[in-house]
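One structure is given below, encoded as structure tokens.
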Amino acid sequence: MYLGIDLGTSSVKAILISETQEVVGSASSPLTVSRPAPRWSEQNPSDWWQATVAAVTALKSKHEKQLHGVRGLGLSGQMHGATLLDAADKPLRPAILWNDGRSDEQCRTLETVPKFRELSGNLAMPGFTAPKLLWVAKHEPDIFGRIAKVLLPKDYLRLRLTGEYVSEPSDAAGTLWLDVAKRCWSSALLDATRLTERHMPRLVDGSAASGTLTKSAAAELGLPAGIVVAGGAGDNAAGAVGLGVMGPGQGFLSLGTSGVEFVALDRYSAAPERGVHSFCHCVPARWHQMSVILSAASCLSWVTALTGSRNESELLDRVAKETDGPSDVIFLPYLSGERTPHNDPHAKGVFFGLNHETGAAVLGRAVLEGVAMALCDGQDALRAAGAAPESLSVIGGGARSELWGEILASTLRLPLNYRSGGDVGPAFGAARLGRLADTGEPVEEVCTEPPLERTVEPQPGLMDAYAGRLEQFRILYRALRDKL
């Protein structure tokens, strides 16, 4: 048996897979986000550990015997979070998350560093880790002076599991401290934030062993001590491993809290001027590019609460029954600012075109379409950078909606493939990495594509309609950006 743990923004998921890569069981435990000031987004690292214990305990309640047979454990997690530890490994403050937008001033500072984009392969964006540290240095100097280690969220879990300070290239690439082409820490980039390699964890490949489960962690989780813990991956690279997206031209679309289009590469390639993310893959000698929007399925959760719907499923049912084509309302899904292609932490969410007849179903459909159009902006940036998959697999909670799939396929003008286990993609990928760390098997033999359940093709009528709406969507953003 192999265990995958995915530390998301809204929950920790744990899944158990068999030697034949069948999902034996899964469980999750919720997390909440604190927003103590505009554009801030934080979580307490202790909550991550408590949610991990709760998720594994829930899994154990139904699969205790199988959990005693676990031989490898893999981690995936939300990227970019700044987890600041003192010399006793205690968090110095709440972790600053990937969708936090407070550090735009510090991003401008980093862009003046010689060879910054050449080394990091990316624009300085507030969501990344390095500008967060400059913000802490300016606004919380006492805390900055006590930092002994900076860990990413999943790597804080690893510390609790193994007692080791370790990361891997896919997550480390999102810090802006990694030389992405060489897959190692850059002293020049670290120096720009007054840090050194001693503040950083050591790096291993995501499919390699990073340590073993300690007796104390094993007792708390109800697992055998000594289980090998893989290097793991950032959530999107883990999702790619779960889907078998490993080679050039393969890609997927993730509809989680954020929205991501991911394209695998067999060489390093960067296009920072377009807001495209160029990161390492979690397995050796591979890289990837991504377009990222900060609000995807989170927009659906937001409009569900806004309209007083009981849950997302109820609202989606109303949208399907009460609308039969593109909404007359345009929605800009920038509830947390935006990354690709705008790199605009000040972007705002907008409904445009409301009237007295506008109801919950119309607003719901506008949200689904607005997220699709923002993803289309990101896809155009990827294509301009030379990354152009012929089809996309879909993962994440949003993958469960057939209606959203039709809207997305027609807006992106690509077939969308829905595969077995797509709703637990990163956790499944993490479990696969746990297996690789245990067995040493070739990556290609383990990380294959899961069975195809269905394909959603673009609909010609919707394609034509959304082409016109997309131009209106873009005009609206530009008009508001120039005025606000």
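The values are calculated or read from the model by the stated rules, or taken from the named source; none is laboratory data. Everything numeric in this text was worked out from a predicted model, so none of it was measured. All Cβ positions, glycine included, derive from the backbone under ideal geometry; neighbour counts span all protein chains shown.
A few points about this structure:
- Sole exception among (1) in contact with a strand residue (DSSP E or B) (Cβ under 7 Å, 6 or more places away or on another chain); (2) of a type outside the set (D, E); (3) within 25 Å of R183 (Cβ to Cβ) for F128, by number: (1)
- Any hit, region 187-204, residues being more than 20 Å from the chain's Cα centre (by Cα), of a type in the set (D, E, K, R) and assigned to a loop (DSSP other than H, G, I, E, B): yes
- One residue stands out among those in region 80-98 that are of a type outside the set (V, I, T) and within 20 Å of V229 (Cβ to Cβ): the one that is surrounded by the fewest Cβ atoms within 10 Å (Cβ to Cβ), which is D89.
- Search result, residues across region 233-258 that are in a loop (DSSP other than H, G, I, E, B), out of contact with any Cys (no Cβ under 7 Å at 6 or more places or on another chain) and under 30 Å from Q66 (Cα atoms): V245, G256
- Yes/no for R102 being of a type in the set (D, E, K, R) and buried (at least 18 other Cβ atoms within 10 Å of the Cβ): yes
- Just one of the listed residues (G4, G77) is under 21 Å from G174 (Cα atoms) and surrounded by 21 or more Cβ atoms within 10 Å (Cβ to Cβ), namely G77.
- Residue within region 83-104 that is in a helix (DSSP H, G or I) and closer than 24 Å to A270 by Cα present: yes
- Across region 244-288, the number of residues qualifying as within 13 Å of the chain's Cα centre (by Cα) and not small (G, A, S) comes to 9.
- Of all the listed residues (A219, A173, A225), the sole one being assigned to a loop (DSSP other than H, G, I, E, B) and under 23 Å from L7 (Cα atoms) is A225.
- Pairing each residue of region 430-458 that is closer than 15 Å to V23 by Cα with any residue that is part of a loop (DSSP other than H, G, I, E, B) and of a type in the set (A, V, I, L, M), provided the two are 6+ apart or on different chains, yields C-beta distances under 6 Å for C447/M246.
- Residue list for region 172-207, restricted to those being of a type in the set (D, E) and either within 25 Å of A271 (Cα to Cα) or crowded, with 23+ Cβ neighbours inside 10 Å (or both): D179, D191, D205
- When residues of region 15-74 are limited to those that are without any contact (Cβ under 8 Å) to a residue 12 or more places away in the chain and of a type in the set (K, R), the one surrounded by the most Cβ atoms within 10 Å (Cβ to Cβ): R35
- Taken over region 125-160, residues that are at pLDDT 95 or above, of a type in the set (A, V, I, L, M, F, W, C) and either under 29 Å from R267 (Cβ atoms) or within 22 Å of the chain's Cα centre (by Cα) (or both) amount to 8.
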